Amino acid sequence: MNLVLYDTMTREKRPFTPGDPERVTMYVCGPTVYNYAHIGNARPVVVFDLLFRLLRRAYGAEHVIYAANVTDVDDRINQKAIDEGVAIDVITTRYLDAYHADMSVLGALRPNFEPRATETMAEIIDMIGRLVRNNAAYQAEGHVLFNVQAYSDYGKLSGRSMDDMIAGARVEVAPYKQHPADFVLWKPSKPGEPVWESPFGPGRPGWHIECSAMIEKTLGLPIDIHGGGNDLIFPHHENEMAQGICADHGTEYARYWLHNGFLNMGHEKMSKSLGNVVLAHDLVSRYPGEALRWALLASHYRQPLAWSDETVDQAKSGLDRLYGVLLRAATVEAEPSAPGVGFMDALEDDLNTPRAYAELFAMAQQLEAAPEEDRAHLKGELLASGQLIGFLKADPESWFQGGADPAMRARIDALIAERFTAREAKDWPTADRIRAELTAMNVEVMDNPTGATWRLKSEGAGST
RNA sequence: GGCCUGGUGGCGGAGUGGUUACGCAGCGGACUGCAAAUCCGCGUACCCGAGUUCGAUUCUCGGCCAGGCCUCCA
C-alpha cells in the first residue's frame, strides 16, 4: 500500500510508515458521554473508521490496534448527574450505549480498545507522579500543573509561539500558575463531584492527562497515528504531547497527527448556544446509516462540511444509483475480487473519498454497460470497493423496499398484479388509477414486459 | 489582537500551470400506451486586482468575503 497522509505536525502529505508493521497503532479522541452524539461528533468516528479499515487491509486486521477513549469524568457529566439526581455511571452508561448503537448504524467498526478515564486512574496518577519527578509539573493549592517551560517544543504542533499564547490569552490566569500557559493535570473535586485519592491530595484528573495515560496504557508510546477534530489541536493535543514526552518518552509521541475539518450547519458551527445541534441519534432513525455515512465522507475529511437535509438527500440519491445498478445485476453472481485500482489510489492519497466515489460511479457505469461475460468480475469489484469503506452492504431490493412492512408489501403486490391485468387488457385508465394509488403510498412503479418492480421513493427533505 | 483554513457551475464536491472530474438537480432525444428506471447528448464555474509565465482556476503578493482556534468542544 502506498498510503500518504497529511500530517498536521509537518503540514504536508507524507508516505505512511508505521514504527512496526506487525503492530500499527492508532488513537482517536472519543466521546465525552454526557449526551447523545451529534452528527459533528460522528465525522471523526467515520473518518478514522475509514482509515482503520484501510490499515487493516494493508497490514492485516490482527496487526492494527485502534483505541478510542471514553471520557467519563467531566464537568458536564457531573452536572447532568446532579440535575437528574443519579450517579454519574447512570449517565455515562446510558449515553455510551446510545453512542455505540448510533455509530454502529453509521458503519463504524468498534475500536480494539475503548479505555475509560475512570478505569485508568492508577495510570493517570502514576504519569502525573513522573511529570512531577521530572520537574515538568508542580503542585500549587491542591492542583498539579504542567510546566510548559519544561518542554521546549511546546506549541510546535499548533504552530504557536509562547509569546503568541500570552498575547492571545483571553482568560484570566489563575494566580498559582507559574506560566500563563500552564495547564491542570490534577485538581480538587468540588463538593458532590467524584473524587479519587492521590499523592497530590484528593481530586480528579484534568482532561488532557487522561488521553496521554490511556495511550500509554493501551497502545504504548510513541503511537503511529493520532487523530481527532481540528479543534483539538490546541490545546488538547499540544498538551497531550507535552505530557507524554516529558513523562519519560523520548522525543516522539505520535508519528502522524491527523485532524478532520469541522461539520457546520450552513455557515455556522454546530453548537448548543446557536440551537442548531443535529443529533446522530435522531438522524439514524430518519435515514439509512449508509446514506449518513456517505454524506459524512462526501467531502474530503480535512475540508469543512456544510450539513443539511439536502446533504443527506443527495447522498441517498447517489447510493440509489449504485444500488440501482446492483439491482439490475441481481442475477449476476459476483466474482470474488479486490477493490478497484483507481479506487484504492484515491483512498491512499490522504483518504480522498470524493475521488473514490467517482471511481465507484465509474465501476457502476461499466457494470451496467458490460457484456454478460464481464459482469461477474465487475460486480465483484464494485462490491469489494464499496464494502471496504462501509457501503453496498444491503441487499439491493431491501435497500429500495426495506421501508415497507409486510402488510404494505402485500398491498403493493396486490395492486401491481391488478395493474398488470389492466395493462394486459390495455385498460390504461385503470392502470393509471392504480399507479396513482401507489404513488400516493410513496411507491414508484417500474414496468417491464413481464410485470413490474417497485421501490419506495425517498422521504425527501423537510421532515426535520 | 495573535495563529490558521478556505473562497470552483443551480446544489454537493475533486483536481490541475495549457486537456474530462464525479454526483445530485435541470434540459433535449431514444425507450414506454403514458410514465419510471436505463441509455445517448447538452448546458452554466474556477471571489477581485496586480505580478511571474508563451499560457493561471492552479504559483506569488495585495484586497475583499466566509469560517475555525486562542476557554469546554469532533
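The values are calculated or read from the model by the stated rules, or taken from the named source; none is laboratory data. In this text, all values refer to a predicted model and were calculated from it rather than measured experimentally. A quick note on method: Cβ atoms are made from the backbone with ideal geometry, for glycine too, and the neighbour counts reach across all protein chains shown.
Overview of results
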read-out	value
Tally, over the range A:327-342, of residues that are under 21 Å from A:Arg455 (Cβ atoms), more than 8 Å from RNA strand B (Cβ to nearest atom) and either modelled with pLDDT of 95 or more or surrounded by fewer than 17 Cβ atoms within 10 Å (Cβ to Cβ) (or both)	2
Scan of the range A:290-326 for residues that are under 12 Å from A:Arg43 (Cα atoms) and surrounded by 16 or more Cβ atoms within 10 Å (Cβ to Cβ), ordered by number	A:Leu292, A:Arg293, A:Trp294, A:Ala295, A:Leu296, A:Leu297, A:Ala298, A:Ser299, A:His300, A:Tyr301, A:Leu305, A:Trp307
Yes/no for A:Asn147 being more than 20 Å from A:Asp75 (Cβ to Cβ) and in contact with a strand residue (DSSP E or B) (Cβ under 9 Å, 6 or more places away or on another chain)	yes
Odd one out for A:Leu382 among (1) surrounded by 18 or more Cβ atoms within 10 Å (Cβ to Cβ); (2) free of Cβ contacts under 8 Å to residues at least 12 places away in the same chain	(2)
Complete set of residues in the range A:423-439 that are more than 8 Å from RNA strand B (Cβ to nearest atom), part of a helix (DSSP H, G or I) and hydrophobic (A, V, I, L, M, F, W, C)	A:Ile434, A:Ala436, A:Leu438
The one condition in (1) within 13 Å of RNA strand B (Cβ to nearest atom); (2) assigned to a helix (DSSP H, G or I) that A:Ala410 fails to fulfil	(1)
Test set (1) more than 13 Å from RNA strand B (Cβ to nearest atom); (2) among the aliphatic types (A, V, I, L, M); (3) surrounded by 14 or more Cβ atoms within 10 Å (Cβ to Cβ) - A:Ala417 fails condition number	(3)
Hey, A:Ser398 within 15 Å of RNA strand B (Cβ to nearest atom) and of a type in the set (S, T, N, Q) or not	no
Residue check, A:Glu290 more than 9 Å from RNA strand B (Cβ to nearest atom), touching a residue at least 24 places away in the same chain (Cβ under 8 Å) and part of a loop (DSSP other than H, G, I, E, B)	no
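Conditions (1) at pLDDT below 95; (2) in a strand (DSSP E or B); (3) surrounded by 15 or more Cβ atoms within 10 Å (Cβ to Cβ), marked per residue:
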| site | (1), (2), (3) |
| --- | --- |
| A:Asp97 | no, no, no |
| A:Gly155 | yes, no, yes |
| A:Arg170 | yes, no, no |
| A:Val184 | yes, yes, yes |
